[in-house]
Amino acid sequence: MATTAAVLAWSSTAYAICYKLPFDNPNLDDGWGSLCCGRVTPHRGVDFPQPSGTPIPAIGTGTVVVNQWSSCLGNVVVLEHPDGWFSGYSHMVTPSPLAIGSPVKVGEIVGAVGNTGSCSAGAHLHLTVANHIDGWYTGMTVDPYAFIIDHPPVSESCNGEDDDCDGDIDEGVCDLAILHAQPGVYAPPTTTDIDGDGSA
């Protein structure tokens, strides 16, 4: 009997952020949804083989919402991103030094590659992406590789977002001189809450 992976679709949201691959070597032969190597359930993420101790960069800006031990996945940290998606980083050599609630910029180090947990067979990052906090161990996930490729960096514009995925918001595009010289880089406000207090 064939087993298929549950599929979640993603679409553009009012708050779109960019994502970056943590490393350039995803193991797509045993990628998301794979039943390789004797699995009885589809692979929930994508693995990135790296030497133990290699620093793991965050795939997107977010906030730490999980930092714990799992018997299967070892040391795990999960980030919640501003667009409502969650990225999970598993099998880390030691617990993440980041506390729950810590803000994280894209590319900031969240931990180090390891081989922890009973479900690991060699040093690697096991990366998951889901639309719920528990996606690192249960429920539906999306293919992290395809998700990241579908949310690439774009040119920075004056919109309060990190469009070019470098960890800085609106750098070099919200200066009055630039706005007057290049009005096309300005994006109109998406809210009437100009001071961020939750009211118009």
(message) I need a count of the residues in the stretch 28-68 that are within 19 Å of ALA130 (Cα to Cα) and either of a type in the set (Val, Ile, Thr) or not in a loop (DSSP other than H, G, I, E, B) (or both).
(response) 17
(request) For GLY139, work out the one condition from (1) at positive phi; (2) in a strand (DSSP E or B); (3) of a type outside the set (Phe, Trp, Tyr) it doesn't fulfil. (result) (2)
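Can you give me the number of residues within the stretch 36-45 that are β-branched (Val, Ile, Thr) and surrounded by 19 or more Cβ atoms within 10 Å (Cβ to Cβ)?
First pass over the stretch 36-45, keeping only residues β-branched (Val, Ile, Thr): 40-41.
Still in the running and surrounded by 19 or more Cβ atoms within 10 Å (Cβ to Cβ): none.
Selection size over the stretch 36-45: 0.
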(request) For the stretch 46-69, enumerate the residues that are over 12 Å from the mean Cα position of the chain (by Cα), surrounded by 14 or more Cβ atoms within 10 Å (Cβ to Cβ) and small (Gly, Ala, Ser). (result) SER52
(request) Out of the residues in the stretch 89-140 that are among the β-branched types (Val, Ile, Thr), farther than 12 Å from VAL76 by Cα and touching a Pro at 6+ places or on another chain (Cβ under 9 Å), state the one that is surrounded by the fewest Cβ atoms within 10 Å (Cβ to Cβ). (result) ILE109
(message) Exactly one of these conditions fails for ASP24: (1) loosely packed, with under 12 Cβ neighbours inside 10 Å; (2) at pLDDT 95 or above. Give me its number.
(response) (2)
(message) Going residue by residue through the stretch 178-198, is there one that turns out to be closer than 22 Å to LYS20 by Cβ and either touching a Gly at 6+ places or on another chain (Cβ under 7 Å) or at pLDDT 65 or above (or both)?
(response) no
(request) Might you let me know whether the stretch 29-42 holds any residue that is modelled with pLDDT of 90 or more and under 28 Å from VAL154 (Cβ atoms)? (result) no
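The values are calculated or read from the model by the stated rules, or taken from the named source; none is laboratory data. Given the structure is predicted, the values throughout are model-derived calculations rather than measurements. Note that each Cβ is placed from the backbone with ideal geometry, even for glycine, and that neighbours are counted across all protein chains shown.
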